[in-house]
1. Quick one: order Leu39, Leu115 from most to least accessible surface, probe 1.4 Å.
2. Enter the accessible area per residue of the range 70-111 (Å², integer; probe 1.4 Å; all protein chains in place).
3. Please compute the modelled spin-label separation between Glu107 and Met138, points set 7 Å along Cα→Cβ, answer in nm with one decimal.
4. Glu57 to Glu19: extension gain in nm, 0.36 nm per residue of separation minus the Cα-Cα distance?
5. Taking trypsin sites (Lys or Arg not before Pro) as candidate sites, keep only those in a DSSP loop with at most 16 other Cβ atoms within 10 Å, then name the longest stretch of the chain containing none of them.
6. Could you give me D for the range 78-137, from Stokes-Einstein at 20 °C and 1.002 mPa s, where the hydrodynamic radius is the Kirkwood radius over C-alpha pairs? Units µm² s⁻¹, please.
7. Might you report the magnitude of the Cβ-based charge dipole of the chain about its Cα centre, with Lys and Arg at +1 and Asp and Glu at -1, to the nearest 20 debye?
8. Pick out which of His101, His66, His38 has the largest mean-square fluctuation in a Gaussian network model of the chain, springs linking Cα atoms closer than 10 Å.
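The values are calculated or read from the model by the stated rules, or taken from the named source; none is laboratory data. Since the model is a prediction, treat every value here as computed from it, not as a measurement. Cβ atoms come from the backbone with ideal geometry, glycine included; neighbour counts cover every protein chain shown. When the accessible area is computed, the model is the full protein with side chains, heavy atoms only, and any ligands, DNA or RNA have been set aside. Shrake-Rupley method; radii C 1.70, N 1.55, O 1.52, S 1.80 Å.
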Amino acid sequence: LALGHQRPSRVLADQWVGEEVDEALDDLTAAELEHREHLGYPPFSTMLRIVVRGAQERSTESFIEHIADRMNDALQQQVGVRMLGPSAAPISKLRGKYRFHCILQTETAEPLNRLIVRTVAEIKTPKDIQYVIDIDPMETL
């Protein structure tokens, strides 16, 4: 009997095993790593994503622009740091909150570490806005 069911049930499983799986995974991994290296994505670089969310679209957008302006000022002194955005997040509204994001890329983590510590110390977050800083994000939605 399956959990939570009173009647008998069956499970069908399809299994693909053997060297073909290992080769396919190796090929997929190699292709993904080559693609990531070409784009400068982790593990060949460090990325930092800031996501800002709030109930009011304009104030949320203004806050991410404020953060980006602060970081841009500091980036003038950094070499090899690239900023993408700020822009609306791909999922621009979630659970009633507007979402904006900004992504920074660099070859090494140290410039981003210094930049984000300085920026966070200098900004004052409005009460109705939250933000998240994600290092080497697994997704950018």
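1. Result, largest first: Leu39, Leu115.
2. Per-residue value: 60 Å².
3. 2.9 nm
4. Length gained between Glu57 and Glu19: 8.5 nm.
5. Counting at most 16 other Cβ atoms within 10 Å as exposed, the longest clean stretch of the chain is 11-94.
6. Taking Rh from Cα pairs, D becomes 163 µm²/s.
7. Rounded to the nearest 20 debye, it is 1320 debye.
8. His38
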